[in-house]
């Protein structure tokens with residue numbers, strides 16, 4: 001059985017008993033001014049590891065531009081922030097304090113567009129890459145391909161974030177939303193995925209579904225993703241696009257993006273893809289190469 005977004009059985013798993021890691025990604029469009037709301041919602045979603053984009057964390061007396069700010073947060077999270085500007089960009093990765101983590105190695109982009117963290121959780125090697133591909137200065141995604149030489153065979157590579165482009169022009173945006181730079185950005189993303197053997201987990205689960213992660217007055221689109229290497233797909237328990245969180249004290253959304261999450265099983269037998277799902281994944285992977 002393969003559990004997904006709409007399967008109520010997916011709610012019955014215990015992270016502690018089953019060693020299931022819940023990873024969340026959310027473009028919060030400014031962290032400090034809405035810190036309590038963001039932490040409240042990620043706690044409600046029971047995230048173990050959190051990728052945040054557009055944190056807008058700027059330099060101060062201690063942390064200079066381009067550095068990494070390590071901070072203990074309320075709600076039992078420890079965070080690594082990139083320091084860039086107080087008004088734009090910035091990414092962070094948060095870890096639940098009760099995780100058995102160790103061996104941290106942190107690298108980041110001095111322009112606040114990505115952070116790479118390698119570590120061990122529950123004795124397993126992970127490499128987390130959190131990306132914010134800003135519209136004003138796009139990343140050279142091909143530069144990431146060099147990290148493939150440094151990924152241990154035993155490590156599980158998790159790439160997520162806001163890539164500011166759609167993967168499928170028909171399914172991933174409303175018809176009246178246009179993105180003139182889509183083709184160039186998509187081509188770079190496609191090359192990046194192919195070079196690292198990465199696939200769009202949510203689209204693998206829902207090949208024909210329409211669901212969106214970004215909302216504005218012009219339309220809706222799916223810009224936020226989790227990518228895994230093909231051989232790690234059997235570790236996936238679920239991939240969810242969540243409801244758009246609202247402030248607790250006013251009728252207003254916390255962000256113009258909605259959170260996306262993935263659940264990964266690290267111990268025990270892996271879920272077997274039914275033939276139907278396997279064929280759809282193969283079809284999606286072939287589309288990347290078309």
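The values are calculated or read from the model by the stated rules, or taken from the named source; none is laboratory data. These numbers come from a predicted model, not from an experiment. Because the Cβ atoms are built from the backbone with ideal geometry, glycine has one as well, and the counts that use them run over all protein chains shown.
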- Query: Given (1) under 24 Å from residue 135 (Cα atoms); (2) without any contact (Cβ under 8 Å) to a residue 40 or more places away in the chain; (3) in a helix (DSSP H, G or I), where does residue 169 come up short, assuming only one miss?
  - Reply: (3)
- Message: Taking the criterion of being crowded, with 18+ Cβ neighbours inside 10 Å, farther than 23 Å from residue 22 by Cβ and over 19 Å from the mean Cα position of the chain (by Cα), would at least one residue in segment 139-147 satisfy it?
- Response: no
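So that you can scan it fast, the table gives a plain yes or no per residue for (1) within 23 Å of residue 264 (Cα to Cα); (2) under 16 Å from the mean Cα position of the chain (by Cα); (3) crowded, with 21+ Cβ neighbours inside 10 Å:
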{"residue": "197", "(1), (2), (3)": "yes, no, no"}
{"residue": "215", "(1), (2), (3)": "no, no, no"}
{"residue": "220", "(1), (2), (3)": "no, no, no"}
{"residue": "224", "(1), (2), (3)": "yes, yes, yes"}
{"residue": "227", "(1), (2), (3)": "yes, yes, yes"}
{"residue": "238", "(1), (2), (3)": "yes, yes, yes"}
{"residue": "242", "(1), (2), (3)": "yes, yes, no"}
{"residue": "246", "(1), (2), (3)": "no, no, no"}
{"residue": "251", "(1), (2), (3)": "no, no, no"}
- Task: Looking at (1) farther than 21 Å from residue 247 by Cα; (2) at pLDDT 90 or above; (3) assigned to a helix (DSSP H, G or I), find the lone condition where residue 21 falls short.
- Result: (3)
- Residue check: is residue 99 surrounded by 14 or more Cβ atoms within 10 Å (Cβ to Cβ) and touching a helix residue (DSSP H, G or I) at 6+ places or on another chain (Cβ under 8 Å)? no
- Message: Would you confirm, using the coordinates I've provided, whether residue 106 is in a strand (DSSP E or B) and within 28 Å of residue 222 (Cβ to Cβ)?
- Response: no
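Only one of these is touching a residue at least 12 places away in the same chain (Cβ under 8 Å), part of a strand (DSSP E or B) and on the phi < 0 side of the Ramachandran plot: 226, 212. Name it.
None of the others qualify; the one that does is 226.
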- Message: Looking at segment 234-244, can you tell me whether even one residue there is at pLDDT 95 or above, in a loop (DSSP other than H, G, I, E, B) and more than 19 Å from residue 130 (Cα to Cα)?
- Response: yes
- Task: Name the one entry in 114, 95 that is under 17 Å from the mean Cα position of the chain (by Cα) and modelled with pLDDT of 95 or more.
- Result: 95
- For segment 256-275, does any single residue satisfy the condition of being part of a helix (DSSP H, G or I) and modelled with pLDDT under 90? yes
